[in-house]
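Here is the structure we will look at.
Just so it is clear, none of the values below were taken in a lab; they were calculated from the coordinates. Here the structure is a predicted model, which means the values were calculated and not measured. Glycine also receives a Cβ, built like all others from the backbone with ideal geometry; neighbour counts cover every protein chain displayed.
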Ligand code: AMP
Ligand code: GLY
């Protein structure tokens, strides 16, 4: 099979690594890819936000199956364009991608589905939002409705912070994404992520994970795209997982189908768990990054069979072949991230590291220059390992980190602390 994967981060490197292990994969092309992906697949220069261009590329290259990594092309309708052209595609339609692209829409679906989530109100008028914040008090959560690259959520511990967030959002800081604002009840608890393949009708949970959003050890400092992750998430016990599937995920999928906009792809449910009960924080319509890296390391080659069955609406016949294992990934980022950071610093020592079913360095923002690997983004490497226990996975990952010679980079030293 000729397979095209859209994206160029650590998530896509992990997808490439898993897909490549599957004997069904003949030719593998990735657009745009990165320096790590280029060691496993052909990289193509293609505007992945342009549906017509992606369709044209798929037709020219006799692509049988397209896997869409990031949310932006999904929200822009690239999966719709591919399916309309008869190309088998993994990833939701633009209409179904609203589960990530509009927080207000997700709340509306939760209401219709009876899914437990934070209480909320939606505003397009600033004065009304200000009145609501003053009347409700803090802590309170202020969210720009649309896609804002993870920056559109302010968890305000004071009324002043919430009002400042409203100033920013209604002042245009997030562009169209902030034209509507959702204000939510603050939920306490522990967060975890659940990843569920959905083929429009059937659902299949393919893993759980926990992320580390803050840049610094001990969960301090500003929010990032994620500084490390591990799978499974112990807080998602079988009981909590079943409740989340029965009360949140399945009713959502049923409601989307009832509306004539079935969800096909991976539904990533961000959950808040308190006293053994999960409520929905948010949905994403793609794999998490770096959560995908630990999921792929655990699933291996079967990941492709599951993703392919999902796109062909055959999930009802599938099961996950679980191993009793743990995976952990440490993100190495360029100094300064998530603020301003330099590009172009050289990374040495990667070629001496083990690469097998329990050890892999997935590349995120890297580029090849004169035969060496240089940093080209904020989050740069995902040093990932598997073990029979989480502490074994952690020790293996940090042993690799310590052999990487990259003075321009840094990482958190406490990934996994909550579960360990
Ligand atoms: P989101 O992009 O909606 O996941 O929000 C980003 C982060 O903000 C989440 O991962 C939570 O840590 C936090 N958050 C969002 N909504 C709430 C809420 N209602 N209560 C508490 N924390 C929240
Ligand atoms: N790591 C969080 C995300 O992918 O949204």
How far apart, in nm, are two points set 7 Å out from the Cα along the Cα-to-Cβ line at residue 392 and at residue 356?
1.2 nm
Could you tell me which of rounded, prolate or oblate describes the range 222-268, using a ≥ b ≥ c as the square roots of the eigenvalues of the alpha-carbon gyration tensor, with rounded for a/c under 1.5 and, failing that, prolate when a/b is larger than b/c and oblate otherwise?
oblate
Subtracting the Cα-Cα distance from 0.36 nm times the residue separation, let me have the gained length for residue 128 to residue 320 in nm, one decimal.
64.3 nm
Be a star and scan the range 193-218 for residues whose amide nitrogen sits under 18 Å from the point 7 Å along the Cα-to-Cβ vector of residue 259.
198-202
Grab the beta carbon distance between residue 402 and residue 223, set R0 = 22 Å, and tell me the FRET efficiency rounded to 0.05.
0.25
Bin all alpha-carbon pair distances of the range 88-142 at 10 Å intervals from 0 and give each bin's fraction as a whole percent.
19, 40, 30, 9, 3, 0
Regarding the range 260-300, what's the average projected area of the Cα-atom convex hull, expressed in nm²?
4.2 nm²
Rank these for me by crowding, 358, 93, going from fewest to most other beta carbons within 10 Å.
358, 93
Kirkwood estimate for the range 124-175, i.e. one over the average of 1/r between Cα atoms, Å
10.9 Å
Fluctuation leader among 318, 43, 310 - the chain, Gaussian network, Cα springs under 10 angstrom
318
Take the alpha carbon atoms of the chain, find their radius of gyration, then divide it by 2.2 N^0.38 Å using N residues; give the quotient.
0.95
On full extension of the chain, what length is gained from residue 85 through residue 173, given 0.36 nm per residue of separation minus the C-alpha to C-alpha distance?
28.0 nm
Can you tell me how much longer the chain between residue 369 and residue 27 gets when fully stretched, taken as 0.36 nm per residue apart minus their C-alpha distance, in nm with one decimal?
120.6 nm
Most exposed first by the Cβ proxy, i.e. fewest other Cβ within 10 Å, how do 161, 188 rank?
188, 161
Pseudo-spin-label distance residue 413 to residue 159, built 7 Å along Cα→Cβ, given in nm, is 4.3 nm
Can you give the log10 of the normalised intensity I(q)/I(0) at q = 0.19, 0.20, 0.24 Å⁻¹, computed with Debye over equal Cα scatterers of the range 147-198?
-0.76, -0.81, -0.98
Per the Kirkwood formula over distinct C-alpha pairs, the hydrodynamic radius of the range 357-419 in angstrom is 12.8 Å
Protection-proxy order for peptides 339-346, 135-142, each taking the mean of Cβ atoms within 10 Å per residue, highest first
135-142, 339-346
Please label the shape of the range 1-69 as rounded, prolate or oblate, based on the square roots a ≥ b ≥ c of the eigenvalues of the alpha-carbon gyration tensor (a/c under 1.5 means rounded; beyond that, a/b larger than b/c means prolate, else oblate).
oblate
For the range 38-163: rounded, prolate or oblate by the Cα gyration tensor [a/c cutoff 1.5]:
prolate
